[in-house]
Amino acid sequence: EVARRLPRIKLALNASFPLRYALGMTKPSQQIIEVVTGNIVECDVDAIVNAANSSLLGGGGVDGAIHKAAGPDLVHECRLLGGCKTGQAKITSGYRLKARHIIHTVGPVWQGGDKGERELLAACHEKSLQLAQQHGLRSIAFPAISTGRFKFPLSEAARVAVETVRQFIRDNPVALDRVLFIGFDEATSQHFREAVWSAGQG
Ligand code: AR6
């Protein structure tokens with residue numbers, strides 16, 4: 001009897017997130033967010049998010065790194081997309097990346113904080129997550145959108161990003177297995193960790 005039960009228990013422990021959730025084994029909003037320091041182009045996830053500009057034709061920072069690593073076919077696909085507005089997102093193939101897809105979003109330029117920057121940054125995360133869900137993707141990695149060339153203050157950006165992701169997970173508890181926040185350096189990761197921690201207290 002015990003021997004017959006064992007494989008089933010093992011199966012449950014190895015089960016994918018929706019099954020584990022259905023079995024009541026884990027609470028999604030506290031389990032699936034991870035903070036990682038490194039280069040987002042190396043992430044082995046279903047989709048990495050690109051902090052692009054409205055042309056979607058490439059640029060510096062993380063955008064430049066993603067285009068370089070994905071190869072020239074990426075810009076060919078991007079040309080067909082007709083650009084992207086601030087706060088919106090569009091999806092392409094990942095080409096030479098490990099990630100199967102790239103979700104391109106355009107963050108707001110920080111102009112002091114009273115020009116709707118927070119709402120637009122939240123929209124970037126929300127639209128990216130919706131696209132992932134619509135395409136059946138289970139894992140997604142975000143860089144610190146808008147915090148480089150676009151000058152969004154890091155702690156504020158991390159808070160908006162984490163709160164938006166947590167709200168999405170609450171509203172769609174079985175949509176995703178993993179959401180990664182990628183800090184290019186340790187300081188950025190620390191801001192993400194603090195945002196995850198303080199959101200967890202609320
Ligand atoms: N992996 C992970 N994070 C990275 C990487 C990388 N390889 N490279 C940079 N970062 P930015 P923005 C971090 O400037 O502020 C581009 O030219 C970086 O340290 O890339 O949204 C676009 O074409 C910072 O924390 O994006 C746009 O014109 C974060 O990524 C404009 O910059 C975002 O910095 C977008 O500006």
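The values are calculated or read from the model by the stated rules, or taken from the named source; none is laboratory data. The model shown is predicted, which means the values in this text are computed figures rather than measured ones. Here the Cβ is made from the backbone with ideal geometry for all residues, glycine too, and neighbour counts use every protein chain on show. Side chains are part of the model used for accessible areas, which takes the heavy atoms of the whole protein and leaves out ligands, DNA and RNA. Shrake-Rupley method; radii C 1.70, N 1.55, O 1.52, S 1.80 Å.
The residues of the range 180-191 that are in contact with a Gly (Cβ under 9 Å, 6 or more places away or on another chain), within 11 Å of the ligand (Cβ to nearest atom) and either open to solvent by 70 Å² or more (accessible area, probe 1.4 Å) or part of a loop (DSSP other than H, G, I, E, B) (or both) amount to a single one, 184. Of the residues making up the range 112-156, just one is without any contact (Cβ under 8 Å) to a residue 60 or more places away in the chain and in contact with a Leu (Cβ under 6 Å, 6 or more places away or on another chain), namely 147.
Scanning the range 133-156 for any residue that is in contact with a His (Cβ under 6 Å, 6 or more places away or on another chain), modelled with pLDDT of 95 or more and more than 20 Å from residue 60 (Cα to Cα) turns up at least one such residue.
Hey, does the range 192-202 have a residue that's over 20 Å from residue 37 (Cβ atoms), open to solvent by 10 Å² or more (accessible area, probe 1.4 Å) and either hydroxyl-bearing (Ser, Thr, Tyr) or not in a helix (DSSP H, G or I) (or both)? Yes, the range 192-202 contains a residue that is over 20 Å from residue 37 (Cβ atoms), open to solvent by 10 Å² or more (accessible area, probe 1.4 Å) and either hydroxyl-bearing (Ser, Thr, Tyr) or not in a helix (DSSP H, G or I) (or both). Looking only at residues in the range 84-106 that are crowded, with 21+ Cβ neighbours inside 10 Å and among the β-branched types (Val, Ile, Thr), the one that is farthest from residue 146 (Cα to Cα) is 92.
Within the range 39-78, can you find the residues that are under 20 Å from residue 110 (Cβ atoms) and charged (D, E, K, R)? Hit for the range 39-78 is 63, nothing else.
With the structure loaded, tell me whether residue 116 is modelled with pLDDT of 95 or more, closer than 14 Å to residue 86 by Cα, open to solvent by less than 50 Å² (accessible area, probe 1.4 Å) and away from the ligand (no atom under 15 Å from the Cβ) or whether it fails that test. The answer is yes for residue 116.
Scanning for something open to solvent by less than 30 Å² (accessible area, probe 1.4 Å), over 20 Å from the mean Cα position of the chain (by Cα) and either among the small types (Gly, Ala, Ser) or modelled with pLDDT under 90 (or both), does the range 3-24 turn up at least one residue? Yes; the residues of the range 3-24 include at least one that is open to solvent by less than 30 Å² (accessible area, probe 1.4 Å), over 20 Å from the mean Cα position of the chain (by Cα) and either among the small types (Gly, Ala, Ser) or modelled with pLDDT under 90 (or both).
Filtered by the rule that a residue be in a helix (DSSP H, G or I) and open to solvent by 50 Å² or more (accessible area, probe 1.4 Å), the range 34-83 gives 42, 61, 68, 73, 76, 79. Within the range 91-113, the set of residues being in a strand (DSSP E or B) and within 14 Å of the ligand (Cβ to nearest atom) comprises 102, 103, 104, 105, 106.
Take the range 167-179 and flag every residue that is under 18 Å from residue 48 (Cα atoms), in contact (Cβ under 8 Å) with a residue 60 or more places away in the chain and either part of a helix (DSSP H, G or I) or open to solvent by 10 Å² or more (accessible area, probe 1.4 Å) (or both). Scanning the range 167-179 gives 169, 177, 178.
Entry remark, the range 129-153: residues being crowded, with 18+ Cβ neighbours inside 10 Å and touching a helix residue (DSSP H, G or I) at 6+ places or on another chain (Cβ under 7 Å) number 11 in total. In a residue-by-residue description of the range 119-134, the property of being away from the ligand (no atom under 16 Å from the Cβ) and in a loop (DSSP other than H, G, I, E, B) applies to no position.
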